[in-house]
1. In the set A:Leu108, A:Leu138, which member is within 23 Å of B:Leu83 (Cβ to Cβ), assigned to a strand (DSSP E or B) and out of contact with any Leu (no Cβ under 6 Å at 6 or more places or on another chain)?
2. Sort out for me the strands (runs of 3 or more DSSP E) sitting completely within region B:123-231 that have 1 or more residues that are closer than 23 Å to B:Asp271 by Cα and assigned by TED's automatic domain parsing to the domain that holds B:Met254.
3. Sort out which residues of region A:122-135 are more than 10 Å from every other protein chain (Cβ to nearest Cβ) and among the aliphatic types (A, V, I, L, M), and write them in order of number.
4. Within region B:100-112, is even one residue under 20 Å from B:Ala22 (Cα atoms) and either hydrophobic (A, V, I, L, M, F, W, C) or surrounded by fewer than 24 Cβ atoms within 10 Å (Cβ to Cβ) (or both)?
5. Collect the residues in region B:35-66 that are under 17 Å from B:Phe297 (Cα atoms) and among the hydrophobic types (A, V, I, L, M, F, W, C), keeping them in residue-number order.
6. Just one of the numbered conditions (1) surrounded by 17 or more Cβ atoms within 10 Å (Cβ to Cβ); (2) away from chain A (no Cβ under 14 Å); (3) outside any helix (DSSP H, G or I) is not true of B:Thr51; which one?
7. Return the only residue of A:Ala136, A:Ala86 being in contact (Cβ under 8 Å) with a residue 12 or more places away in the chain, under 20 Å from A:Ala47 (Cα atoms) and out of contact with any Ser or Thr (no Cβ under 6 Å at 6 or more places or on another chain).
8. Quick one: which of B:Asp26, B:Asp9 is within 14 Å of another protein chain (Cβ to nearest Cβ) and of a type outside the set (Lys, Arg)?
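The values are calculated or read from the model by the stated rules, or taken from the named source; none is laboratory data. This one's a predicted model, so the numbers in the text were calculated from it and none came from an experiment. All Cβ positions, even for glycine, are placed from backbone atoms using ideal geometry, and neighbour counts span all protein chains on display.
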Amino acid sequence: MKDKPQGLLISPIKDGTVIDHIRAGAALTVLRVLGITGQTDEELSIATNVTSMTGGQEGRKDIVKVSKRELLKEEVDRIALISPHATINIIRDYIVVEKKGVEIPKHLSGIVRCTNAGCITNANEPIKSSFEVTEAGLHCLYCDTVITTDIESHII
Amino acid sequence: MKHIISIKDFGREEIDSLLARAGAIDAAPQIRQTLAGKQVALLFFEPSTRTRMSFASAVSRLGGTTITVDSVEGSSISKGETLADTVRVVSSYVDAIVLRHPKEGAARLASEFASVPVINAGDGAGQHPSQTLLDLYTIRQSMPLEGIHIGLLGDLRYGRTAHSLAYALSNYDVTLHTIAPPTLELPESLVAELHRRGCTVQEHEDITSLIPELDVIYATRIQRERFPDAASYYNVGESYRITPEILEGHKDGMIVLHPLPRAGEIDPRVDAMPCARYFEQARNGVPVRMAMLEEVF
């Protein structure tokens with residue numbers, strides 16, 4: 001019987017971003033919040049539930065590689081809400097020029113939709129949602145709603 | 001420029017100072033001229049009687065004048081204008097805006113777009129700081145806001161007045177007792193916040209045994225639409241109704257408050273008892289709102 005082939009499951013990219021250590025199973029959510037759909041033209045590689053050398057969730061993680069795109073801070077903030085242990089690697093000419101963790105900022109502007117249907121941020125007004133990140137959850141600075149669960153599905 | 005949006009923006013010293021100002025206004029009832037030559041827009045995009053009239057009275061007693069919009073139908077909002085635009089435009093006509101709006105957070109938004117002070121006169125199920133301040137003022141007329149036991153009774157889940165009052169009282173050394181029907185208890189997140197702020201909150205199922213302990217009973221309206229049918233509403237309503245019989249054995253000096261309008265939560269026979277202060281409470285809306293207006297001008 002042949003040995004199981006070794007090596008990379010997905011090939012390196014020349015220029016772009018590698019989002020590593022995404023919580024296992026969350027890659028598709030990461031793509032959604034980055035606005036990457038079947039209609040967009042980014043070159044993508046996605047690995048889900050691959051073995052993580054650093055442990056992670058039961059030793060599994062997801063990886064997303066996006067060619068020719070370097071993530072903006074706002075995009076990184078969104079990823080932090082989904083997977084606070086993710087790392088962002090900026091690749092230029094096959095070399096990692098920057099590697100950083102993600103961090104949930106103390107204030108989220110226009111990143112999460114308020115769960116309160118009666119909140120003014122859900123009306124047709126020229127404002128962005130605004131949350132402060134507290135121990136209890138995300139606190140809406142307009143209506144005082146605190147989002148404690150399922151934050152992922154409210155990311156804009 | 002100062003706005004009054006939420007009681008949460010007030011520290012204890014600011015509350016005390018505003019209540020003291022209301023007390024000074026009350027003690028000298030002659031017309032003041034703080035707002036002489038000033039115009040205040042009363043933008044009421046939701047029905048209101050007491051709040052709108054008492055703000056109008058407060059402006060007038062301070063020597064100012066009002067322009068009122070009191071329905072969405074008669075305003076540019078019905079043509080699809082955003083509140084942000086409405087507020088920007090109205091700011092150019094007047095010296096301050098008093099806003100009531102059905103959306104929570106509307107007053108916060110208005111303060112971001114207005115070029116004049118904004119006072120929140122109630123935003124949906126959210127904040128209603130003038131009600132909270134007049135509640136505190138009415139309690140303080142009868143007793144210090146320290147070391148007292150306050151019973152919050154009725155719909156504590158959806159009742160914004162109870163939420164804001166509980167939060168404001170957590171600035172003081174008081175014990176809060178909550179008495180609410182199942183499913184209408186104070187939201188857990190608020191109870192947790194009150195605990196974090198060092199406030200003692202005790203939950204009870206029945207008010208009868210609690211009466212001798214209480215210095216203040218704050219009754220709120222239980223709304224019919226919170227119940228699946230008329231029978232369960234009636235049953236719950238009856239067991240949370242304040243009557244002279246329920247009040248037997250109350251402490252000397254105990255007072256009963258209600259933000260009004262009431263819908264049967266307080267037996268009309270209580271009106272004649274010395275502890276009934278809810279009409280006094282409504283009257284206090286004027287000096288308290290005068291103090292708030294002076295605060296932003």
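1. Testing whether each residue is within 23 Å of B:Leu83 (Cβ to Cβ), assigned to a strand (DSSP E or B) and out of contact with any Leu (no Cβ under 6 Å at 6 or more places or on another chain) leaves just A:Leu108.
2. By residue number, B:149-153, B:175-179, B:216-219.
3. If the condition is that a residue be more than 10 Å from every other protein chain (Cβ to nearest Cβ) and among the aliphatic types (A, V, I, L, M), then A:Val133 is the only one that fits.
4. Within region B:100-112, none of the residues are under 20 Å from B:Ala22 (Cα atoms) and either hydrophobic (A, V, I, L, M, F, W, C) or surrounded by fewer than 24 Cβ atoms within 10 Å (Cβ to Cβ) (or both).
5. Scanning region B:35-66 gives B:Leu35, B:Ala36, B:Val40, B:Ala41, B:Leu42, B:Phe55, B:Ala56, B:Ala58, B:Val59, B:Leu62.
6. (3)
7. That would be A:Ala86, the only listed residue that is in contact (Cβ under 8 Å) with a residue 12 or more places away in the chain, under 20 Å from A:Ala47 (Cα atoms) and out of contact with any Ser or Thr (no Cβ under 6 Å at 6 or more places or on another chain).
8. Only one candidate passes the filter, namely B:Asp9.
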